[in-house]
1. Loop only by DSSP, 16 or fewer other Cβ within 10 Å of the Cβ. Give me the trypsin sites (Lys or Arg not before Pro) in region 300-351 that pass, ordered by residue number.
2. Of all chymotrypsin sites (Phe, Trp or Tyr not before Pro) in region 278-382, which ones are in loop regions per DSSP and have a Cβ with at most 11 other Cβ atoms within 10 Å?
3. Going by average Cβ density within 10 Å per residue, which order do the peptides 81-89, 288-296 take, highest to lowest?
4. Among 248-257, 50-59, how do they line up from the highest to the lowest mean number of other beta-carbon atoms within 10 Å?
5. Could you work out the pair-distance distribution P(r) of region 329-413 from its alpha-carbon pairs, with 5 angstrom bin width and percents rounded to whole numbers?
6. Please report the equivalent ellipsoid semi-axes of the chain, computed as sqrt(5 x eigenvalue) of the Cα gyration tensor, largest first, in whole Å.
7. Taking every DSSP beta bridge that has both residues in the chain, what percent is antiparallel when rounded to the nearest 5?
8. Write down, largest first, the equivalent ellipsoid semi-axes of region 114-190 in whole Å, where each equals the square root of 5 times an eigenvalue of the alpha-carbon gyration tensor.
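The values are calculated or read from the model by the stated rules, or taken from the named source; none is laboratory data. Owing to the predicted nature of the structure, the values given are computational and were not obtained by experimental measurement. We place every Cβ from the backbone using ideal geometry, glycine too, and count neighbours over all the protein chains shown. All accessible areas refer to the heavy atoms of the entire protein, side chains included, with ligands and DNA or RNA removed. Shrake-Rupley method; radii C 1.70, N 1.55, O 1.52, S 1.80 Å.
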Amino acid sequence: MKYSIPRGTKDILPADSPLWQKLEAICRHVFGAYNYHEIRTPVFEKTELFTRSIGNTTDIVKKEMYEFKDRKGRSLCLRPEETAPVVRAGLENGLIRPDQVTKLYYIGPMFRYERPQAGRQRQFHQAGVEVFGSADPLIDAEVILMNVQLFEALGLMDLEVNMNSVGCPKCRPEFRQQLKAYFKDNISKMCDDCRDRFEHNPLRILDCKEAKCQKFINSAPASVDTLCADCKTHFEEVIKMLDYQEAKVVVNKRLVRGLDYYNRTTFEVVAKSLGAQNAISGGGRYDDLVAELGGKPTPAVGFAIGIERVIEVLKKSEIALAQQPKVKIFFAALGDEARKLAFDLVIGYRERFINADMDYLGKSLKSQLKLADKLGAEKVIILGEDELKKGYGIIKDMKTSKQEEVKLDSLAEVM
Ligand code: HAM
């Protein structure tokens, strides 16, 4: 019986790992420069954490949760995103306080039961940040700038940063009313989900992917046109800060996020080189979530990048971010004595963190040299029985093919 990988998941194979490692290293580097600290939370949480935060009428909660019962019948869920778990962990561990700025970041797998296609998986990875404690538009701008800087550090080009404001609980009733009035006459021609959204959460209609609903959604009222005075000023300030930093950000009235917890600033970065699933990051402000999850009211803002999608762009643009680790020194040994000595020397190099390797299959000298070449070894030490008796080994420089004899007691220091 052969097993195959579950639908919508992917193995990250050694050929791609260096790219992942490099990307993660650059994330840590950039987040570190902005003084964010790493947090790691479990991959599953109580289901209610997500229904409460992401919203009952969102696609994520309605259709995409990996929900299961444990042996005691408790409802748990593989995390579809990391903002709610970070809030939960931040509150539980006293990291989030209303009077202090807390900056956290994470890198890890998320799970959504979506229809798999290019750029859309059921297990995918995000790197993201969350900052708590400040409602200042400066922080919104900082988070967007950091996202842009991260993509620049990775060498990504042809990106578009879209930004919008979804207002706050004060301006939302007016927006909701406008949407209801707008959709009222056509709702019968729209999909079942939209009819349900019309009753329970009309704002969600704007996130519908059905073609037959799109034509109505395209000219629906926009949240940015119904902002209250405070939200309007906040939005203008964020734009001013971004302009001041000469960030190329486009206000996109039609930008809709798939999670309910946002207020005020929302944004997404789109890679023009990708197809349908071209959002490589998304985020925004969520000032009401901390209180919703049991903390004191604490403003917050954050974003997450989709690592698989970013990797896809890097591959498309042939940005050589990282290379496979290459063997520096290879020991080609023949006979038991020589192999024992080779093993000893190899371990010695590795203790000094020099990439060293040898043959483990008892192959001929010719095959061992072939293998050394395949591994990209700079130097090969040939240890034959005859050489060993005479007290020396042969070093072969793989670039020049030059060979020379070296005393056995110097072999530990060739590199
Ligand atoms: P999100 O927009 O749902 O936001 O996800 C962020 C990014 O994750 C997307 O832009 C996309 O690149 C990637 N992504 C999402 N779903 C998939 C999938 N099925 N397959 C591959 N990549 C995917 C959030 O998750 C929020 N928690 C972001 C945030 C942080 N907002 C505030 N703080």
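1. On the way: sites: ARG309, LYS315, LYS316, LYS326, LYS328, ARG339, LYS340, ARG350; in loops: LYS326, LYS328.
Hits after loop and neighbour filter: LYS326.
2. Values: sites: TYR286, PHE303, PHE330, PHE331, PHE343, TYR349, PHE353, TYR360; in loops: TYR286, PHE353, TYR360.
Here the chymotrypsin sites (Phe, Trp or Tyr not before Pro) that fit, given the DSSP loop and packing criteria, are PHE353, TYR360.
3. Details: 81-89: 23.7, 288-296: 16.9.
Going from most to least packed, we get 81-89, 288-296.
4. Packing proxy ranking, top to bottom: 50-59, 248-257.
5. That works out to 3, 16, 29, 29, 19, 4, 0, in percent per bin.
6. Values: eigenvalues 594, 102, 86 Å².
Over the Cα atoms of the chain, the semi-axes work out to 55, 23, 21 Å.
7. Numbers: 52 of 65 bridges.
If we restrict to bridges inside the chain, about 80 percent are antiparallel.
8. Values: eigenvalues 201, 107, 34 Å².
For region 114-190, the semi-axes come out at 32, 23, 13 Å.
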